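Below is one structure, written out as C-alpha cells; the observations come after it.
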Amino acid sequence: MELFQKCQTVLENNRRGNFTIPSPFLYPFQWNWDSGLIAIGLLHTEPENALVELETLFTGQWENGFLPHIIFHNAEKYTTYFPSADYWNSDVSRFAPKALKTSGITQPAVHGFVLEYFFNHGFPKKRIAKLYDQIVHYHQYLYEYRQFNKTGLVAIWHNWESGMDNSPWWDSVLKKIGPEVLQDIKLQRKDIHEVEDSASTRPTDDDYKRYIYLVNQLRAHNYERIPADFPFQILDPVFNAILIQSNKSLLRIGEAIGKDTSQVASWLEKATENFSKIHWDENDGLFYPYDVLENRQIKKHCSGCYIPIFAEIPDDAQLEKMLAHFSAAEDLYLVPSCMPDQSGFESKNYWRGPVWVNMNWLIWQGLLKYQRHELAERIKAGTIRMVEAHGVCEYFEPFKDASTPNGFGGKNFSWSAALVIDMLKNGNVSSG
Ligand code: 2M8
C-alpha cells in the first residue's frame with residue numbers, strides 16, 4: 001500500500017465517532033495536542049472531520065478556560081490506560097464539565113495555529129468564530145494561572161504538560177522529588193503491557209511514581225493554584241513557542257473576522273520581548289527550558305531546543321548558531337529528541353533520544369518560513385523514509401545504521417500518520 005493511503009487508513013481506523021485516538025490500546029481516549037496535529041492531516045483527507053476533531057476536544061474545556069490533556073470519552077468502556085478517569089477525578093474542580101470526565105493538566109497550545117489552517121480552508125465563519133473564542137478563553141486561563149512574572153511566558157506544572165514526557169530535560173527537576181513521598185504504582189501501570197520491549201522504550205517505574213506524585217499534588221489542590229514551592233514549575237520553550245505561534249494566528253484570524261484582538265496582541269508583545277531573555281543561551285546557540293524554582297536554564301541539547309524556529313522567534317544570527325549543530329549529524333535521522341552526546345540519551349526510549357514526527361513537522365514548517373529549503377527537505381525526507389521503512393510508529397531510533405527495528409511505541413500512531421500526510425502534500429491544504 002502506498003504511504004499516503006497507509007496513513008489515511010491509520011486515521012480512519014483510529015476514529016471513534018467525532019474524535020481520533022492517538023493509538024489503539026495504548027492511548028484509547030482523546031488527547032489534546034494530538035487532536036490539533038491530527039486535524040492538520042485530516043484537512044487533506046476528510047476536512048469536515050478535522051473541524052469536528054477540535055470542536056469535540058473543546059467540549060472538554062473547563063469553565064475557567066482550562067483545556068485538559070485527556071478527554072475520557074466512553075471512560076467505562078476502555079480500561080487499558082493509567083491513570084484512569086477515576087484516578088484524575090476532575091470532579092474535584094468546580095470548573096470541570098459535569099457531563100465528561102477529563103484529566104487535570106494541559107498540553108501545548110497548538111489550537112490557535114491549527115485554527116488558521118481551518119480559516120484558510122474556508123470553513124463557515126460561525127464555526128471558526130466559536131473556536132476562536134474557546135481558544136482565546138484557553139489562553140486567558142494560561143495567562144491568568146500560569147504566567148511567570150508578567151513576562152508573557154507561561155509555566156507548565158507537570159512533565160506530561162510538555163508532551164515530551166520523560167525527556168532528559170525534566171530529570172533534574174523530577175529527581176528532587178524524594179523517594180519518601182512516592183507510592184508504588186507498578187501494578188497499576190498499563191502502558192508497559194501495550195508496547196514491545198517496554199523496559200527500554202517506556203519510562204521507568206521510578207519516573208512514573210514521580211509523575212503520579214505530581215498528579216496527586218495537583219488533584220489535592222483541585223487543579224487550580226499551586227503552592228509556591230510546588231516542585232515542577234518550568235518555562236518550556238516548546239510550550240511557549242507554540243503558544244506564541246498560536247497567538248500570531250489568533251491575531252490574524254481575529255482581525256479578519258472582526259474580533260477585538262488587543263488582549264492577544266499584548267500577550268504576544270510581552271512574550272516575544274522576553275522569550276530570548278529567558279530561553280536563549282548564546283554560548284550553546286540553543287533555546288533551553290527555565291526552571292523557575294532553581295532560577296536557571298536546563299542546558300540539555302534536545303529537539304525541543306529548535307521548536308522556536310516554528311514561531312519564527314530566532315533572529316538571523318541565532319538561527320545560524322542553532323543550525324550549525326546539524327552539520328555534524330550525517331549518521332542520524334534528524335531530529336533526535338535528545339542528542340546522542342547528552343547525558344540521559346537512550347536511543348529507543350521514548351522522549352530520551354528517538355525521533356518524533358510531530359517535532360520534525362514543527363521544525364520543518366519553521367525552516368520553510370526562513371527559506372531554509374535544503375535542511376527542511378532533509379528533515380522531511382528523513383521523516384518519510386523512517387515511516388516508510390518502519391511503519392507508522394510513535395517514535396523512531398535516530399541511528400540510520402541501527403541493526404534493530406527502528407520504530408517503537410504505539411503502532412498505527414495518529415499524529416505520525418497525519419503529519420506525514422501533510423508532508424507528502426507539502427503542507428498545501430487545499431481551500432474549500
Ligand atoms: C504521551 O503521553 C501520555 C501522557 O499524556 C502517556 O505517555 O501516557 C506523550 O507522547 C504525549 O505527548 C502524547 O500527547 C500522548 C498521546 O499520544 O502520549
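The values are calculated or read from the model by the stated rules, or taken from the named source; none is laboratory data. Fair warning: this is a prediction, and the values are worked out from it, not measured in the lab. Cβ sites come from the backbone with ideal geometry, for glycine too, and all protein chains shown count toward neighbours.
Structure values in brief
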| quantity | calculated |
| --- | --- |
| Where Tyr208 falls short, out of the listed (1) over 21 Å from Trp62 (Cβ atoms); (2) assigned to a loop (DSSP other than H, G, I, E, B); (3) under 23 Å from the mean Cα position of the chain (by Cα) | (2) |
| Looking only at the stretch 79-117, and only at residues there that are more than 20 Å from Asp165 (Cβ to Cβ) and of a type in the set (A, V, I, L, M, F, W, C), the one that is nearest to the ligand (Cβ to nearest atom) | Val114 |
| Sole exception among (1) of a type in the set (S, T, N, Q); (2) within 16 Å of the ligand (Cβ to nearest atom); (3) closer than 23 Å to Tyr290 by Cα for Thr204, by number | (3) |
| Filter pass, Ala376 being in contact with a Phe, Trp or Tyr (Cβ under 7 Å, 6 or more places away or on another chain), over 26 Å from Asn166 (Cβ atoms), hydrophobic (A, V, I, L, M, F, W, C) and away from the ligand (no atom under 16 Å from the Cβ) | yes |
| Filter result for the condition that a residue is without any contact (Cβ under 8 Å) to a residue 24 or more places away in the chain and in contact with a strand residue (DSSP E or B) (Cβ under 9 Å, 6 or more places away or on another chain), over Ala418, Ala381, Ala376, Ala329 | Ala329 |
| Lone qualifier among Tyr117, Tyr132, Tyr145 - being under 23 Å from Asn222 (Cα atoms), in a helix (DSSP H, G or I) and of a type outside the set (Val, Ile, Thr) | Tyr145 |
| Residues located in the stretch 388-432, provided they are charged (D, E, K, R) and part of a helix (DSSP H, G or I) | Glu388, Asp422 |
| Scan of the stretch 25-79 for residues that are touching a residue at least 40 places away in the same chain (Cβ under 8 Å), of a type in the set (Val, Ile, Thr) and in a helix (DSSP H, G or I), ordered by number | Ile38, Ile40, Thr45, Thr59 |
| Complete set of residues in the stretch 252-273 that are within 23 Å of the chain's Cα centre (by Cα) and crowded, with 19+ Cβ neighbours inside 10 Å | Ile253, Val264, Trp267, Leu268, Ala271 |
| Cβ-Cβ under 6 Å pairs, at least 6 apart or on other chains, the stretch 183-202 side free of Cβ contacts under 8 Å to residues at least 12 places away in the same chain, far side part of a loop (DSSP other than H, G, I, E, B) and buried (at least 17 other Cβ atoms within 10 Å of the Cβ) | Ile192/Arg202 |
| When residues of the stretch 154-184 are limited to those that are assigned to a helix (DSSP H, G or I) and away from the ligand (no atom under 16 Å from the Cβ), the one surrounded by the most Cβ atoms within 10 Å (Cβ to Cβ) | Val173 |
| Residue among Met386, Met359 that alone is within 16 Å of the ligand (Cβ to nearest atom), out of contact with any Leu (no Cβ under 8 Å at 6 or more places or on another chain) and closer than 23 Å to Glu194 by Cβ | Met359 |
| Yes/no for Gln183 being farther than 27 Å from Gly304 by Cα, modelled with pLDDT under 95, of a type outside the set (Asp, Glu) and touching a Phe, Trp or Tyr at 6+ places or on another chain (Cβ under 6 Å) | no |
| Matching option when the condition is among the acidic types (Asp, Glu) and crowded, with 19+ Cβ neighbours inside 10 Å, among Glu346, Glu394, Glu388 | Glu394 |
| Near pairs, Cβ below 9 angstrom, 6+ apart or cross-chain, from the stretch 258-275 (among the basic types (Lys, Arg)) to any residue that is assigned to a loop (DSSP other than H, G, I, E, B) | Lys270/Lys150; Lys270/Thr151; Lys270/Gly152; Lys270/Leu153 |
| Residue among Thr102, Thr151, Thr106 that is under 25 Å from Gly254 (Cβ atoms), crowded, with 22+ Cβ neighbours inside 10 Å and in contact (Cβ under 8 Å) with a residue 40 or more places away in the chain | Thr106 |
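Residue-wise test of (1) of a type in the set (Val, Ile, Thr); (2) modelled with pLDDT of 95 or more; (3) away from the ligand (no atom under 16 Å from the Cβ); (4) surrounded by fewer than 24 Cβ atoms within 10 Å (Cβ to Cβ).
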site	(1), (2), (3), (4)
Asn13	no, yes, no, yes
Thr20	yes, yes, no, no
Tyr27	no, yes, no, yes
Ser35	no, yes, no, no
Ala39	no, yes, no, no
Asn49	no, yes, yes, yes
Leu54	no, yes, no, yes
Leu57	no, yes, no, no
Asn64	no, yes, yes, yes
